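Trainee: Here you go, one structure.
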Amino acid sequence: MKILAINAGSSSLKFTLIELPQKEVIASGLFEKIGIAGSMYTIKYKGEKHVFEEDLPDHSVAVNKLMQALIDLKIIASLEEIEGVGHRIVHGGQEFSKSVILDEDVLKRIEKYNELAPLHNPANVMGVRAFMKALPGVIQVGVFDTAFHSTMDSVQFLYPVPYAWYEDLGVRKYGFHGTSHRFVNKEISEKLGRNDLKVISCHIGNGASITAIDSGKVIDTSMGFTPLAGVMMGTRSGDIDASLIPYVMKKLNKTCDEVMDDLNKQSGLLGISGVSSDSRDIEDAINLGNEKALLAQNMYAQKVANYIAMYNNLLNGADVITFTAGLGENSIMMREAIMARITSLGVKLDKEENNFRGEFKCITTKDSKIPVWVVPTNEELMIAMDTMELKNK
Ligand code: ADP
């Protein structure tokens, strides 16, 4: 069965066409600058990259071009081969605790949460409507970043602020990257042959979040009301004292939006190093003796280590720690820097075993109290599998 996994942004649309149950990627691609000058799209198929520079005034046009290109490039013979479309939806509020079949009523319910994810949800929904038009009668499924975290207890998800903020405004921890944490938990549970694992899942890419999972249920996660919270990230600050916001506003004569922009886009690895948000550039700078780059890496590693230690306590002892996403899968240096800061948990890195990128592998010694695994994530596959499951129901 061929399923499309879609991630629609405000001016972009990523797709992966997956054959299930074989889990084989048939084709993938990206539509860029939708609604902006200079729009283009690329499609990867059988090792070749096809580039098209064409006007994409809106998401509907992009989706129609995708359908045409799939046929023109002979990736599929007819649109009927596409049996389902799964969509990444960032925010499902408190309402959506698992993936759902989408129709106009459900989309209206999702739109209630646009205010909580103004950059993402409206674009996600726009993508769904474009596919509903292009492929009428084909099942459309919504897979939420927040859903996996819906099992958190109020002790974890509430902020110690006036309770009415939660009741009247929905101010609480929601958590994000749920699809990735769920995929990693599934992979490691299958690998170790257990469904009762206590896992500390570290998704560390450009965005980063740490999640404590017990027997498939999220106990706590580091991101919060928005994806700004938790550990330090590429350009995001992670947890800070909220009082610095009005202070900086006054001192630098900035608006609240401007300071929030600084915390989201000018902070983290970029803000401290002044070099880059990309850890590859940070590592190059460290090798050239750049002290701020080293400071940025040390801070990043320490914040992740702090959450791991906290979640080890929360889980009353974890069975396994996992690393995933851009840094977790590929940064040998960052993995080592984090591991060096959790030795009190009895974790022992095997330096030789850590010397690789992008594989599913254990990186600790046999006598490590908690094994640490690198588990490559695959959110597109998770979205496609959810879609197949709801179609087969
Ligand atoms: P996103 O959160 O945007 O999905 P990714 O999970 O793709 O991000 O992570 C991107 C980050 O992964 C890059 O910014 C880079 O810092 C890091 N990364 C990717 N490859 C390597 C590598 N070989 N060595 C070190 N860091 C890497």
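Trainee: Pull up region 197-231, narrow it to residues that are open to solvent by less than 10 Å² (accessible area, probe 1.4 Å), within 16 Å of the ligand (Cβ to nearest atom) and among the hydrophobic types (A, V, I, L, M, F, W, C), then point me to the one that is farthest from the chain's Cα centre (by Cα).
Mentor: Here the residue is 231.
Trainee: What about residue 274, is it small (Gly, Ala, Ser), at pLDDT 95 or above and farther than 22 Å from residue 223 by Cα?
Mentor: Taking the combined requirement at face value, the residue satisfies it.
Trainee: Residue 237 fails exactly one of the following numbered conditions: (1) open to solvent by less than 40 Å² (accessible area, probe 1.4 Å); (2) in contact with a strand residue (DSSP E or B) (Cβ under 9 Å, 6 or more places away or on another chain); (3) among the small types (Gly, Ala, Ser). What is the number of that condition?
Mentor: The failed condition is (2).
Trainee: Check 5, 62 and return the single one that is under 23 Å from residue 120 (Cβ atoms), among the hydrophobic types (A, V, I, L, M, F, W, C) and either surrounded by fewer than 17 Cβ atoms within 10 Å (Cβ to Cβ) or within 21 Å of the chain's Cα centre (by Cα) (or both).
Mentor: Exactly one residue qualifies, and that residue is 5.
Trainee: Still on this model: Filter region 147-197 down to the residues that are among the basic types (Lys, Arg), closer than 29 Å to residue 279 by Cα and not in a helix (DSSP H, G or I) and list them by number.
Mentor: Correct list: 173 only.
Trainee: Step by step: first the residues of region 96-136, then only those that are of a type in the set (Phe, Trp, Tyr) and within 22 Å of residue 223 (Cβ to Cβ), then the one that is most open to solvent (accessible area, probe 1.4 Å). Which residue is that?
Mentor: 113
Trainee: Can you go through 300, 247 and tell me which one is outside any loop (DSSP other than H, G, I, E, B) and surrounded by fewer than 19 Cβ atoms within 10 Å (Cβ to Cβ)?
Mentor: 247
Trainee: Would you confirm, using the coordinates I've provided, whether residue 389 is under 30 Å from residue 8 (Cα atoms), in a helix (DSSP H, G or I) and open to solvent by 40 Å² or more (accessible area, probe 1.4 Å)?
Mentor: yes
Trainee: Give me the residue from region 150-202 that is touching a residue at least 60 places away in the same chain (Cβ under 8 Å) and among the β-branched types (Val, Ile, Thr) and, out of that set, nearest to residue 120 (Cα to Cα).
Mentor: Residue satisfying both the conditions and the ranking: 179.
The values are calculated or read from the model by the stated rules, or taken from the named source; none is laboratory data. Just so it is clear, the structure is predicted and the values come from calculations on it, not from any experiment. Heads up, the Cβs are rebuilt from the backbone with ideal geometry, glycines too, and the neighbour counts pull from every protein chain shown. What goes into the accessible areas is simple: the full protein's heavy atoms, side chains included, and nothing from ligands, DNA or RNA. Shrake-Rupley method; radii C 1.70, N 1.55, O 1.52, S 1.80 Å.
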